[in-house]
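J.: One structure coming up, written as structure tokens, with questions to follow.
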Amino acid sequence: MPMASVHCRYLGEWVGTKHRWGLAVDQAEREALLRYAASCPNARITYEPAL
């Protein structure tokens, strides 16, 4: 995949933001995130909870 590292970083930032702020994910978004994440097997997501 072209620009895979950028793609995986964006996906990680998206998921990290969702976790940090406790944002909901609907079924369609969850399925899309899982599908895209399959191309990022070594990605790690870190975040700090919002205060």
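What follows is calculated from the coordinates using simple rules that are stated; it is not laboratory data. Given the structure is predicted, the values throughout are model-derived calculations rather than measurements. Cβ placement follows ideal geometry from the backbone for every residue including glycine, while neighbour counts extend to all protein chains displayed.
J.: If a residue has to be more than 20 Å from Leu51 (Cα to Cα) and not β-branched (Val, Ile, Thr) to count, how many in the stretch 1-34 make the cut?
T.: Residues meeting the conditions: 20.
J.: Specify the residue that is surrounded by the fewest Cβ atoms within 10 Å (Cβ to Cβ); the eligible residues are those in the stretch 1-32 that are of a type in the set (Val, Ile, Thr) and touching a residue at least 24 places away in the same chain (Cβ under 8 Å).
T.: Per the criteria, the residue is Thr17.
J.: A follow-up question, please. Looking only at residues that are exposed (fewer than 13 other Cβ atoms within 10 Å of the Cβ) and closer than 15 Å to Glu13 by Cα in the stretch 33-45, which one is farthest from the chain's Cα centre (by Cα)?
T.: Asn42
J.: Taking the stretch 8-29, which residues are over 10 Å from the mean Cα position of the chain (by Cα) and assigned to a helix (DSSP H, G or I)? Spell out the reasoning first.
T.: Filtering the stretch 8-29 for residues over 10 Å from the mean Cα position of the chain (by Cα) gives 20-29.
Selection gives Arg20, Trp21, Gln27, Ala28, Glu29.
J.: I'd like the full set of residues that are over 19 Å from Ser5 (Cβ atoms) and of a type in the set (A, V, I, L, M, F, W, C), limited to the stretch 22-44.
T.: Answer for the stretch 22-44, where residues must be over 19 Å from Ser5 (Cβ atoms) and of a type in the set (A, V, I, L, M, F, W, C): Leu23, Ala24, Val25, Ala28, Ala32, Leu34.
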